[in-house]
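Let me begin by presenting the structure, written as structure tokens, before commenting on it.
The values are calculated or read from the model by the stated rules, or taken from the named source; none is laboratory data. The structure displayed is predicted, hence computed values, not measured ones. For neighbour counting, all protein chains shown are included, and Cβ atoms are generated from backbone atoms with ideal geometry for every residue, glycine included. For accessibility, only protein heavy atoms count, side chains too; no ligands or nucleic acids. Shrake-Rupley method; radii C 1.70, N 1.55, O 1.52, S 1.80 Å.
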Amino acid sequence: MSFELYKRALKSFPGGVNSPARLLKPYPLYVKGAKGSRLKTLDEKELIDYCLAFGPLILGSANDYVTEEIKERLELGWIYGLCTEEEILLAEKIKKYFNMDLLRFVNSGAEASMNAIRAIRGYKGKRKIIMFEGNYHGSYDDLLVKAGSSMVGLPSSLGVLEDSTKNTLVLIYNDVEGLIKAVRENKEDLAGIIVEPIACNMGLVIPDFEFIKALREVCDSYDALLIFDEIVTGFRMREYSAQNFFKVYPDLTTLGKVIGGGFPIGVFGGKEEIMKKISPQGNVHNAGTFNAHPISIYAGLKTLEYIEKFNAIDKACNFAYNIGRNLVKMVQDFGLEARVNHIASMFQIFFTKGEIRNFSDVKRCDSEKYLRFHGEMMKKGVYLAPSQFETNFTSSAHNEIDLELTLKAMEEALRLK
Ligand SMILES: *Cc1c(COP(=O)(O)O)cnc(C)c1O
């Protein structure tokens, strides 16, 4: 069934899909529906889901409370081109957990990153941006960059102009010395730094606290601004944010994924003096037909309400901890050349001997082996992140039975090696 649909899809979509990471080999899965921790495909396969739409589904799929609330809300219409009370309520909730005076709702993580960069450039009147190899901030030209021979980024996609990337410097994640050197050398024209405070787009890379501290210090010393991309980590950590976890606070934060409850959303926000430059208060342009879309806002609001009421994030984190701890033990017991990283509601296994601290380390992994592991797990009814360069996510809907089935499947799949 999925295979037949894929053949048809190839006639409508480039590569048969609408986002590259959905292209599984030999063919992508077509979903019939999803509930809680389980996905059901049109091939009538039921899978325990650890991809969770690449992060947003912290409550799993179709949480009963959120579903009922959204159904009722739809009766009131779903977009007006005017304001709603709920957008204020969601903003107030978000501001409890993030260093934000003012914020703007947009439609995706990519838009959030683009606007955050525009905001700091507009505020500072400077051009250069620092980012880190292996971090991902969305499909936005200035940040679609790979490391060049110097620090200056080269386009990582055809169609992205060198004019867009020549002011983006690409540094090595977790490298404090490289960071300080780059900031010092570029301080004249440096607007700021954008970083994933926990890297979730090269597998899962947990930074040294020293690195996170250095980011703040070096920005303060050289008059640059710091942006934390918390599009994944926002409302996926026990402390609700990486900034609260590290107690290191950025000037601007970008959010997405969880805060829309699984509907399209993005947020950028932070210090008043920067954010008041955004139109219509200031002259840094941002506008959008779908900005603060009432259904995304409402789904986000109800999701955050549920999280606060039922400690949903703690549940998801406990689950990931259990998987992570058991995976570490399996790797030891079976004498595998593998590493396990886990934190908050995320985990990943890397098929390598070495430590995983930056993008080069991840590239050295046996990613074919990961795909074989992924395939074996899928046969056993477990859908893991589909690449060594992605992260596994847990939700509050994952339960004891899921844990038992998953660990048993992992044990069998890892023993095959
Ligand atoms: C997913 C992601 C984005 C992009 O979000 P979209 O909604 O897909 O545009 C940006 N940053 C990080 C860290 C992400 O994981």
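Screening Ser396 against (1) over 25 Å from Gly138 (Cβ atoms); (2) surrounded by fewer than 16 Cβ atoms within 10 Å (Cβ to Cβ) leaves a single unmet condition, (2). Only one of the numbered conditions (1) more than 10 Å from the ligand (Cβ to nearest atom); (2) among the hydroxyl-bearing types (Ser, Thr, Tyr); (3) under 20 Å from Tyr173 (Cα atoms) is violated by Tyr240, and that is (3). The strands (runs of 3 or more DSSP E) located wholly in the stretch 1-65 that include 3 or more residues which are of a type outside the set (D, E, K, R) occupy 31-35.
In summary, Trp78 fulfils each of the numbered conditions (1) within 24 Å of the chain's Cα centre (by Cα); (2) not in a helix (DSSP H, G or I) with the single exception of condition (1).
In the stretch 24-41, the residues that are under 17 Å from Gly261 (Cα atoms) reach residues that are assigned to a loop (DSSP other than H, G, I, E, B) and among the hydrophobic types (A, V, I, L, M, F, W, C) with C-beta atoms within less than 6 angstrom, at least six apart or across chains, in these pairs: Lys35/Ala62; Gly36/Ala397; Ser37/Ala397. For the stretch 247-291, residues that are closer than 23 Å to Gly60 by Cα and touching an Asp or Glu at 6+ places or on another chain (Cβ under 8 Å) total 3. Residue check: Ala344 meets all listed conditions (1) closer than 26 Å to Ile172 by Cβ; (2) open to solvent by 30 Å² or more (accessible area, probe 1.4 Å) but one, namely (2). If the condition is being among the small types (Gly, Ala, Ser) and either part of a loop (DSSP other than H, G, I, E, B) or under 22 Å from Tyr136 (Cβ atoms) (or both), then the stretch 356-387 contributes Ser360, Ser367, Gly381, Ala385, Ser387.
Considering the stretch 63-110, and only residues there that are over 19 Å from His285 (Cα atoms) and among the hydroxyl-bearing types (Ser, Thr, Tyr), the residue that is nearest to the ligand (Cβ to nearest atom) turns out to be Tyr97.
Picking from Val258, Val232, Val248, Val267, which residue would you name as being buried (at least 17 other Cβ atoms within 10 Å of the Cβ), of a type in the set (Val, Ile, Thr), within 15 Å of the ligand (Cβ to nearest atom) and in a loop (DSSP other than H, G, I, E, B)?
Of the residues listed, the single one that is buried (at least 17 other Cβ atoms within 10 Å of the Cβ), of a type in the set (Val, Ile, Thr), within 15 Å of the ligand (Cβ to nearest atom) and in a loop (DSSP other than H, G, I, E, B) is Val232.
With respect to Arg325, is the statement that it is under 30 Å from Glu412 (Cα atoms), open to solvent by less than 10 Å² (accessible area, probe 1.4 Å) and either within 16 Å of the ligand (Cβ to nearest atom) or charged (D, E, K, R) (or both) true? Taking the combined requirement at face value, the residue does not satisfy it. Among the residues of the stretch 366-384, the one identified as surrounded by 23 or more Cβ atoms within 10 Å (Cβ to Cβ) and of a type in the set (A, V, I, L, M, F, W, C) is Leu384.
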